[in-house]
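For reference, the structure discussed in these notes is given below.
The values are calculated or read from the model by the stated rules, or taken from the named source; none is laboratory data. Just so we're clear, the structure is a prediction, and the values are computed from it rather than from any experiment. Don't worry about glycine lacking a Cβ; one is built from the backbone with ideal geometry, like all the others, and counts go over all protein chains shown.
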Amino acid sequence: MSKQPRKIVHEGKIVEMDRESISVEIVNKAACATCHARGVCGASEEQVRTIVIPQTIATATAGYQVGDTVRLVLSATLGMKAVILAYGIPLAVLLAAILIFSALGIEQLYVGLFSLAAVAVYYIIFAIFRDKLDREFVFSIEQ
């Protein structure tokens, strides 16, 4: 029995197309979006995001038009990698910095400040390599 690769799928609408890319608008809904009380609850939240997908031969020949409803697909392993890069590694940096600075006998206020600075440095490095990450984390389109 062969396992199908798991995918992360979002429904969206094509809002813009050009020779190099297709822009798809998706609506991220909070888990409580289907609740009957969402209109009066401050916890419900919808967020509209635009995902830009590079134009490929497959997408160019598929005949997509602005306004078409499509499915954006991302491999679940890439989704997990994104979570690790965005949350797992910064947590590890924070904990390691706290342990190292505490072991050096630094005052607690400075341990906290230096540890937060270490996480900030991680996110700055993360931002510098954003273009490389954008090329790796690419959604594909299914109609």
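From the list Val73, Val52, Val66, Val93, exactly one residue is of a type in the set (A, V, I, L, M, F, W, C) and farther than 21 Å from Val9 by Cα. Which is it?
The conditions single out Val93.
In the stretch 66-143, which helices (runs of 4 or more DSSP H) lie fully inside it and hold 3 or more residues that are hydrophobic (A, V, I, L, M, F, W, C) and touching a residue at least 12 places away in the same chain (Cβ under 8 Å)?
76-83, 89-103, 108-128
Select from the stretch 90-101 the residues that are surrounded by 14 or more Cβ atoms within 10 Å (Cβ to Cβ) and not aromatic (Phe, Trp, Tyr) and list them in ascending order.
Answer for the stretch 90-101, where residues must be surrounded by 14 or more Cβ atoms within 10 Å (Cβ to Cβ) and not aromatic (Phe, Trp, Tyr): Pro90, Val93, Leu94, Ala97, Ile98, Ile100.
So which residues in the stretch 98-120 are within 27 Å of the chain's Cα centre (by Cα) and among the small types (Gly, Ala, Ser), if there are any at all?
Ser115, Ala117, Ala118, Ala120
Restricting to the stretch 57-76, name every residue that is of a type outside the set (A, V, I, L, M, F, W, C) and at pLDDT 75 or above.
Those that are of a type outside the set (A, V, I, L, M, F, W, C) and at pLDDT 75 or above: Gly63, Tyr64, Gln65, Gly67, Asp68, Thr69, Arg71.
Say whether the condition of being at pLDDT below 80, in contact with a Ser or Thr (Cβ under 8 Å, 6 or more places away or on another chain), part of a loop (DSSP other than H, G, I, E, B) and surrounded by 12 or more Cβ atoms within 10 Å (Cβ to Cβ) is met by at least one residue in the stretch 20-30.
Yes, there is a match, as at least one residue in the stretch 20-30 is at pLDDT below 80, in contact with a Ser or Thr (Cβ under 8 Å, 6 or more places away or on another chain), part of a loop (DSSP other than H, G, I, E, B) and surrounded by 12 or more Cβ atoms within 10 Å (Cβ to Cβ).
With respect to His36, is the statement that it is modelled with pLDDT of 75 or more and either closer than 13 Å to Leu72 by Cβ or of a type outside the set (Phe, Trp, Tyr) (or both) true?
Here the answer is no, as His36 does not meet what is asked.
Regarding Val121, is this residue at pLDDT 95 or above and exposed (fewer than 14 other Cβ atoms within 10 Å of the Cβ)?
Criteria met by Val121.
Quick one: how many residues across the stretch 124-137 are surrounded by 12 or more Cβ atoms within 10 Å (Cβ to Cβ) and either of a type in the set (A, V, I, L, M) or more than 16 Å from the chain's Cα centre (by Cα) (or both)?
The number of residues fulfilling the criteria is 1.
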